[in-house]
Amino acid sequence: MIKNGFFNIPESFLVLLTVFISSCLFAQQNDLEPKMQNQFWKNVQFGGGIGLGFGSGYTDISLAPSAIYNFNEYVALGVGAQYKYLKQKDYYASHLYGGSVIGLFNPIPEIQLSAELEQLRVNVNLDGSNSNSQDYWNTGLFIGAGYRSGNATIGGRYNVMTDKNNIYGSAFMPFIRVYF
């Protein structure tokens, strides 16, 4: 305000002080936030598998996403989900779905040891007879080893809980594992 050609000092001072303080408040940055970013997500890697197979009257489609948490350069623990559709023309159609928990150990950067507990629900519909359809749980405990290069590991795993009702053709399975 102008009084007799001069600014009213107390009112002008309060206005300038308010503008200065508010601009300082907006200019404040939390310097701790960039340094203390959530370390959890820096240690998480995502990966999984996609499978597609076709043959003479045979279809195999699978999707298996997974994520692991790296505790350090040697040990990681993760979870995965799995869905698989199998169909043999004029014989059966099957849906398998479930999850798994995996532990990884890298004694040296090139070698990866693994243990994976897998639980799958199996729904089998036999063609021609609904009375022969089956729904059951299948559990597998896989112990594996592989050669690791960067984000990829190639190796083999063995189901130590295999029995005559196993859903897999063999207790031994090769694998390629990739995490980004």
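What follows is calculated from the coordinates using simple rules that are stated; it is not laboratory data. These figures come from a predicted structure and were not determined experimentally. Glycine gets a Cβ as well: all are built from the backbone with ideal geometry, and neighbour counts include every protein chain shown.
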What ³J(HN,Hα) values, in whole Hz, does the Karplus curve 6.51 cos²θ - 1.76 cosθ + 1.60 give for the stretch 54-70 when θ = phi - 60°, with x put for Gly and Pro?
10, x, 5, x, 10, 9, 9, 10, 9, 9, 9, x, 8, 9, 10, 10, 8
What's the extension gain from Asp163 to Ala67 if we count 0.36 nm per residue and subtract their Cα-Cα distance?
31.7 nm
Net charge near Asp127, counting Lys/Arg +1 and Asp/Glu -1 over other residues with Cβ under 10 Å of its Cβ?
+1
Please give the peptides 147-154, 114-121 ranked by average Cβ packing (other Cβ atoms within 10 Å per residue), highest first, as a rough proxy for protection.
114-121, 147-154
Please compute the length gained on full extension between Ala152 and Asp90, using 0.36 nm multiplied by the number of residues separating them and subtracting their Cα-Cα distance.
18.5 nm
In a shell of Cβ-Cβ distance under 14 Å around Asn138, excluding Asn138 itself, what net charge do Lys and Arg (+1) and Asp and Glu (-1) give?
-1
Quick one: 3J(HN,Hα) in Hz for the stretch 173-180, Karplus 6.51/-1.76/1.60 with θ = phi - 60°, rounded, Gly and Pro as x.
9, x, 8, 10, 10, 10, 10, 10
In sequence order, calculated HN-Hα J values of the stretch 76-91 (Karplus, 6.51, -1.76, 1.60; Hz; x Gly/Pro):
9, 9, x, 10, x, 10, 8, 9, 9, 10, 10, 8, 10, 3, 6, 10
